[in-house]
Structures are given as C-alpha cells and as structure tokens.
Amino acid sequence: MSQEKKRFCTECGAELNGGSKFCTKCGAKVGGKVVESEREESYTVSQTSSSNQINIPESYKPISMWGYFGYELLFSIPCVGFILLLVFAFGGTQNVNLKNFARSYFCIYILFLIILGILMLFGILGASAYYYNL
Ligand SMILES: [Zn+2]
C-alpha cells in the first residue's frame with residue numbers, strides 16, 4: 001500500500017497523527033488497537049450490506065401491516081374465512097407469524113362463540129322466566 005493510511009482513535013473516533021500512541025482528543029491509549037480507515041470503511045460497508053440482505057427463512061418472514069390487514073379481512077368472511085382460519089392455524093402455512101396470528105384469531109372466535117352462547121342461554125332463561133311469570 002503506497003497510500004498513507006489514516007488512523008482513528010478507537011474510543012472517540014478522532015483522527016490521529018502519525019505515530020502518536022495517545023489520542024489527542026480524549027487521551028486514550030491507541031497502541032496496537034488502531035483502526036485503519038480503509039478497514040473501517042470496508043467494515044461499515046459490509047455491515048450495512050449484510051443488514052440489508054438479512055436472509056430470514058420463509059417460515060419466519062414478518063407479515064407487513066397490510067398483510068395482517070388482508071388476513072383479518074379474509075378471516076372475517078363468514079364460513080370461508082373460518083375455514084381458511086382453521087387451515088392456517090393447523091399447519092396450512094409454513095410461516096410461524098401467520099400460524100400464530102391465525103391461532104390467536106381462532107381464540108377470539110371461540111371466545112366470541114362462548115359469549116354468544118352465554119348470552120343466548122340468558123336470553124332463553126330470561127324469556128322463559130318472563131313467560132311463566134306473566
Ligand atoms: Zn480519542
């Protein structure tokens with residue numbers, strides 16, 4: 001390398017001159033652990049590129065906000081939605097997020113049915129009580 005490498009303090013990032021062993025800015029010892037600008041650059045580049053192309057397996061791919069919205073609409077379709085819900089909840093999809101979402105939605109369905117059942121029961125009891133007291 002003919003090009004002169006710039007050195008930076010590992011503590012504060014200030015540029016260091018030639019052979020100084022201490023940072024002029026923060027006073028930290030910079031002996032052997034000096035980061036060369038070239039290496040630092042390549043490091044940050046590789047870091048950003050790797051964070052841009054994180055390879056999440058298909059089964060763990062996050063669902064977007066509109067994805068959730070779409071599935072919610074889909075699940076609220078009478079009969080067809082419920083069948084799709086069961087399919088997704090019990091292994092119809094490889095995606096963990098979708099599976100869990102379908103399962104939680106399924107729980108809401110069950111809860112709703114229980115509440116509906118209780119309300120109907122009270123309705124019948126109330127109606128019959130009203131009828132016999134009349
Ligand atoms: Zn420093």
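The values are calculated or read from the model by the stated rules, or taken from the named source; none is laboratory data. Please read these numbers as outputs of a predicted model, since none were measured by experiment. Please note that ligands, DNA and RNA were not included when accessible areas were found on the heavy atoms of the full protein model with its side chains. Shrake-Rupley method; radii C 1.70, N 1.55, O 1.52, S 1.80 Å.
Surface composition of the range 58-133: carbon and sulfur make up 75 percent of the accessible area, probe 1.4 Å. In plain terms, the bigger the Kirkwood radius, the slower the diffusion; for the range 58-133, with that radius from Cα pairs, at 37 °C and 0.692 mPa s, Stokes-Einstein puts D at 231 µm²/s. Legend: residues TYR60, TYR105, TYR68, sorted from most to least accessible area (1.4 Å probe; ligands, DNA and RNA excluded), read TYR60, TYR68, TYR105.
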